[in-house]
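A short worksheet on the structure shown next.
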Amino acid sequence: MENKIDNKSTGTFLDNIHDEDYERPYLSKMVTSSDMIFDNYREKESLNGYWNFQIDQYDTCIRAKWYEEEYKLESGMYQPVDYDFDSWDTIKVPSCWNTQNERFYYYEGPAVYTRTFRYENRGEERVFIKFGAVNYEAKVFLNKKYIGMHRGGSTPFFIEVTGLLEESNRIIVVADNTRKKEAVPARNTDWFNYGGVYRDVEILRLPETFIKDFRISLVPNSNFKKIRVQLEVDGRQLNEKAIIEIPKLNITKEINCVNGKADFEIKADPELWSPEKPRLYDVKVNYLFDSIQDKVGFREIKADKTGIYLNGQRIFLKGVCTHEESVPNGKAITEEEIMENFNLAKQMNCNFMRLAHYPHTEKAARIADKVGILLWEEVPVYWAIDFKNHDTYKNAENQLTELILRDTNRASVIIWSVGNENADTDDRLEFMSSLAKKAKEIDPSRLVSAACLVDTDNLMIKDRLTDYLDIIGLNEYYGWYAPDFNDLIKLLDNSNPQKPVIVTEFGADALKGARGTFDDLGTEDCQLYVYRKQTETLDKIPYIQGTTPWILYDFRCPRRTNPLQLEYNRKGLLSEDKSYIKPAYYVMKEFYATKKY
Ligand code: GCB
C-alpha cells in the first residue's frame, strides 16, 4: 500500500487556499467493506483515552497539511505554523464532542483529534487500527503519513498499518460531520447530528496469514440440522487446513481452504436460540497461527404470506423503535445504557426492537444475543437521498455491507432494513431494490425490509419496493400527522399485501407530565388515546405481524422547537432520561401481554 500522497497531488497550503478541490487526492485511499476484518473476541490494544482536540472549521489540517508536522523549511529556518497539538485541550475518545463541552454542542464540520502512543513490536506480521465508528467522515494520518479515509458515520473500519508503527507514534484523525446532499444520510433528518470519534479505537495484531471473515449460521430449510460455515483468509498461505470446533456440539472438523476461501456445511443438532432461551455456543476456528472465537446462537427466521416464523414457530414481533442516544453520552452509549434499553423493552413485553435509523454499536447485537431480543438493523437511507447519484449508491451499499459483515453471526439480528420513508420514484426504486438484492446476496439467511410510506392518494399499502422485500415495514401516523383514524381503517381494509406487514412506526408527541383531553396535542392524554386506537385497530388485522411504535424514549432533534418539544422529539414512551414512564407505555405492555404470536 502506498502510504503517502505526494505533495504535488495535494498542493501546498497556498495552492489549497485557492483550490476548493483540495480533498480529491485523499479519496484514492477510501477504506471500505472489503477491508473489514473478523475481530469478535480478538485481543486488541485500546487507543481510547484523552486525545488532543481542536475544532477546525476551515479544514486547515488538511489544506495546510498539519499532519506533516513541517516546522522547518528546507533551508533549516523555522516557519510559523497554526497548530500546537500538545497544547490543545483534550477530549475523551470515544465520545461525541457535543456532549463534552457546551462550546461544541451545535458544531458541525471538521475537527482534529490527535494523540501519541507507544508501540512495542512483538514480531507480529500484520497490524491494523480499528475505528468502531467516526461520524461522518474520517481521514487518518499516522506518523506524518496519510493512511486512509472512511465515509459513513455508523460502521467500523480497519486500516492496515503494517510496517508504519514505531516505538513512539502520533495518530491524527480529522473527523467531519458536515451534512451533505449526496451523503447517506443526506442533509435533513429527524435526529441530532452528533460528531466525533464516538466508538472504540483499537490496535489489532495479526499473523501474516489470518482469518479475515468468518460466518456461521443454520442452513435454511435443513430442519435445523445443518450449520453453514464460510471462511476467508488473507495472506500468503491460502490453501491450508482450518479447524473448526464447537465443543458443546461435539464438533471438530477440518476443512481445506482453496485460494483463501472455504464454504461448507456440517451436520449438527443444536439447541435453537430464541428470545425465551437465548442459547449461545462457543465456536473456535484455527488457521495456521491464527485462531478466533465467537459465541453464536443458531436459529432460523423465515417469512411467507402466512406469517413470520422463528425456528418454524409463528411469531408476532412485539417491538419498539429506539435511537442510539443517551442524555449524558449522545450516540456514544455505554453497555449499561444498552442493557437498560433492552430491559425497558422486555418489561414492556417486547421480543423485538427496531434499531433506527442507522447501525447502532456492535455491542447492541452482542448484548441482544445474550438477553434474547430480536433485532431490526437499518442503514441511514433516510428520507430524501440523492438517489440518482452513483457514488451515493456505492456509499449506501458499502455501509450496508459493513453492517452485514459486522453482525452476520448475531442470532438476534433477523432483519436488514435498507431504508426509511422514501418516496416511490423510479430512481429510488432502482437504488433501494439494488440494496435489497445486495443484502440478500450477502446474507440469504435473513429477511430484508424497509420502512415504507403510506400511499395517501389511494389510502393503501402500495410501494413498488415491496416487491423486493420479505417483510413490508409501514410507517403510519394516524391520530397524529394524519388525524383521522377512519383513514387508517380504510387503508388497512383497502390493502391486501402478499407479505407480512410490520407497522414500523406509529405514535404521538407527549411532554412528560403534560395533561389535557385526548385532543390536546402534545399531552400524555393525547398520546394515550393514539396508542389505544392504534392497538385496537392493528390488533384486528391478520396480515400485521409485528409493531414497533415510535419510540422508546424522547430524543434530541434540533428541528423540534415548540415549547413542548424544546429540541426534543417527544414521541417517547419514556422521557429522554428514561426516568419517567408515560401512560402510553402501559398500553403497549398490555397489548403485548395479550398478543399471541
Ligand atoms: C417518521 C420518521 C422518524 C421521525 C418520526 C417523527 O416517520 O421515520 O425518524 O422521528 O416520523 O416523529 O416524525
Work out from phi, with θ = phi - 60° and the Karplus expression 6.51 cos²θ - 1.76 cosθ + 1.60, the ³J(HN,Hα) of each residue of the range 289-299, listed in order in whole Hz, and give x for Gly and Pro.
-> 8, 9, 9, 10, 8, 8, 10, 10, x, 10, 7
For the chain, share of DSSP beta bridges that run antiparallel, in % to the nearest 5 = 75 percent
Placed amide H near Ala450: partners under 5 Å, 5+ positions off or other chain | Val418, Gly473
Roughly how many debye, to the nearest 20, is the charge dipole of the range 324-432 about its Cα centre, given +1 on each Lys and Arg Cβ, -1 on each Asp and Glu Cβ, and no other charges?
-> 380 debye
Relative contact order %, the range 26-101, counting alpha carbon pairs below 8 Å whose residues are six or more apart | 38 percent
Within the range 204-250, which trypsin sites (Lys or Arg not before Pro) sit in a loop by DSSP and count at most 13 neighbouring Cβ atoms inside 10 Å?
-> Lys225, Arg236
Apply the Kirkwood formula to the chain: the hydrodynamic radius equals the inverse of the mean of 1/r over all pairs of different alpha-carbon atoms; give it in Å with one decimal.
-> 25.4 Å
Can you list the HN-Hα couplings for the range 26-35, worked out from phi with the Karplus curve (6.51, -1.76, 1.60; θ = phi - 60°), rounded to whole Hz and with x for Gly and Pro?
-> 6, 5, 5, 10, 7, 8, 9, 4, 6, 9
In Å, the C-alpha Rg and Dmax of the range 408-452 are 11.3, 34
Any idea what diffusion coefficient the range 450-579 gets from Stokes-Einstein, in µm²/s, Kirkwood Rh on alpha carbon pairs, 10 °C, 1.306 mPa s?
-> 103 µm²/s
Enumerate lysine pairs in the range 90-208 that are 8 or more residues apart or on different chains, then count those whose Cα atoms are under 18 Å apart.
-> 4
Expressed in nanometres to one decimal, the distance between label points 7 Å along Cα→Cβ at Lys589 and Asp455 is 4.0 nm
Which residues' amide hydrogens lie under 5 Å from the amide hydrogen of Tyr281, considering only partners 5 or more residues apart or on another chain, with H built in the peptide plane?
-> Val296, Gly297
With every protein chain in place, the range 164-223: carbon and sulfur % of accessible area (1.4 Å) | 42 percent
Ordered by residue, what ³J(HN,Hα) values in Hz, to whole numbers, does the range 259-269 give under the Karplus form 6.51 cos²θ - 1.76 cosθ + 1.60, where θ = phi - 60° and Gly and Pro are x?
-> 6, x, 10, 8, 8, 8, 10, 10, 6, 7, 9
Using 7 Å Cα-to-Cβ label points, what is the Glu254/Phe289 separation (nm, one decimal)?
-> 2.2 nm
If every Lys and Arg gets +1 and every Asp and Glu gets -1 at its Cβ, then about the Cα centre the chain yields a dipole, in debye to the nearest 20, of 1860 debye
Jot down the radius of gyration and Dmax of the range 26-107, Cα atoms only, both in angstrom.
-> 17.2, 51
Please go through the range 526-597 and write out the trypsin sites (Lys or Arg not before Pro) that DSSP classes as loop and that have at most 13 other C-beta atoms within 10 Å.
-> Lys540, Arg559, Lys596
Radius, Kirkwood style, for the range 291-435 when every pair of distinct Cα atoms is counted (Å) = 16.5 Å
Pull up all non-local amide H partners of Ala514: gap of 5 or more, or a different chain, and H-to-H distance under 5 Å with H placed in the peptide plane.
-> Glu524
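Can you work out the FRET efficiency for the pair Arg515 and Glu167, with r the C-beta to C-beta distance and R0 = 60 Å, to the nearest 0.05?
Using R0 = 60 Å, I get an efficiency of 0.40.
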Work from the charge dipole of the range 210-267 (Cβ charges, +1 for Lys and Arg, -1 for Asp and Glu, about the Cα centre) and give the residue of Phe264, Phe214, Asn239 farthest towards its positive end.
-> Phe264
Restricting things to alpha carbons, find the Rg to Rh ratio for the range 134-239 using the Kirkwood radius for Rh.
-> 1.10
Take each complete run of DSSP H in the chain, measure how far its Cα atoms stretch along the helix's own axis, and keep only those covering 27 Å or more with mean Kyte-Doolittle hydropathy at least -0.5; list them.
-> none
Keeping all protein chains in place, calculate the accessible area per residue for the chain (probe 1.4 angstrom), answer in Å².
-> 41 Å²
Computed from the beta carbon distance with a Förster radius of 51 Å, FRET efficiency for Asp577 and Ser34 to the nearest 0.05 stands at 0.80
Solution diffusion estimate, µm²/s, Stokes-Einstein, the range 249-358, Kirkwood Rh from C-alpha pairs, 37 °C, viscosity 0.692 mPa s | 186 µm²/s
Candidate lysines - alpha carbon under 21 Å from Lys284, same-chain residues fewer than 8 apart omitted = Lys44, Lys212, Lys225, Lys226, Lys241, Lys248, Lys253, Lys261, Lys267, Lys295, Lys363, Lys370
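The values are calculated or read from the model by the stated rules, or taken from the named source; none is laboratory data. No experiment lies behind these values; they were computed from the predicted model shown. Because the Cβ atoms are built from the backbone with ideal geometry, glycine has one as well, and the counts that use them run over all protein chains shown. Surface accessibility is based on the protein's heavy atoms, side chains included, excluding ligands, DNA and RNA. Shrake-Rupley method; radii C 1.70, N 1.55, O 1.52, S 1.80 Å.
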